[in-house]
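Q: Supplied in structure tokens, the structure appears directly below.
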Amino acid sequence: GRRPTLADLYHARRLEMVRLAVFLVDDRHTAEDVVQDAFTAVCRRHGAALDDLQDAAAYLHTAVVNAARSVLRRRRTARAYTPPHEGYGPPVDERLLLAEEHREVLDALAELTERQREVLVLRYWSELSEAQIAEALGLSRGTVKSTASRALDALERRLLEADR
């Protein structure tokens with residue numbers, strides 16, 4: 001059959017990529033921007049036909065993770081110079097996107113290190129294999145395994161503490 005185009009990839013994966021980005025940056029609006037920037041970067045680099053791209057979905061995962069990392073780096077830099085703004089809570093439409101019963105898990109995820117959060121989200125949300133995660137994050141498979149194990153332990157501790 002024919003190779004998928006950028007438009008095919010967009011229609012098939014956009015929502016999945018927004019959800020992935022929400023887990024990484026914890027803000028739906030920023031997540032949508034991250035995904036749009038990732039698709040733009042894929043188009044700029046490989047064109048709309050994606051002819052020279054071996055695995056467009058894996059490339060897109062990597063682009064979204066890297067764009068989310070950039071957003072988080074910019075946030076850290078901004079917060080180093082100005083105190084973080086104490087918001088009024090998540091927007092109403094975000095509550096619809098992320099059901100309240102999942103809020104505890106998202107809060108616990110937010111307390112993990114950036115690498116731990118990325119590994120868990122790619123493994124359990126995006127259902128990537130250890131090898132795919134290692135490739136997307138530029139890590140060894142052993143590092144992915146140990147990071148996932150430590151992250152799950154930390155997540156479990158935080159959720160147990162939250163229940164108390």
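The values are calculated or read from the model by the stated rules, or taken from the named source; none is laboratory data. The model shown is predicted, which means the values in this text are computed figures rather than measured ones. Quick reminder, even Gly has a Cβ in these numbers, built from the backbone with ideal geometry, and neighbours come from all protein chains shown. Surface areas here come from the heavy atoms of the whole protein model, side chains and all, with no ligands, DNA or RNA. Shrake-Rupley method; radii C 1.70, N 1.55, O 1.52, S 1.80 Å.
Q: Within segment 100-115, does at least one residue satisfy the condition of being under 19 Å from His29 (Cβ atoms), at pLDDT below 80, assigned to a loop (DSSP other than H, G, I, E, B) and of a type in the set (D, E, K, R)?
A: No: zero hits.
Q: Now a separate question. Would you point out the residue of segment 114-145, among those that are among the polar types (S, T, N, Q) and closer than 20 Å to Arg69 by Cβ, that is least open to solvent (accessible area, probe 1.4 Å)? Can you show your working first?
A: As a first pass, look at segment 114-145 and keep what is among the polar types (S, T, N, Q): 116, 126, 129, 132, 140, 143.
Filter once more, so that each one left must be closer than 20 Å to Arg69 by Cβ: 116, 126, 132, 140, 143.
On the way: Gln116: 31, Ser126: 15, Gln132: 87, Ser140: 62, Thr143: 41 Å².
Among residues in segment 114-145 that are among the polar types (S, T, N, Q) and closer than 20 Å to Arg69 by Cβ, the one least open to solvent (accessible area, probe 1.4 Å) is Ser126.
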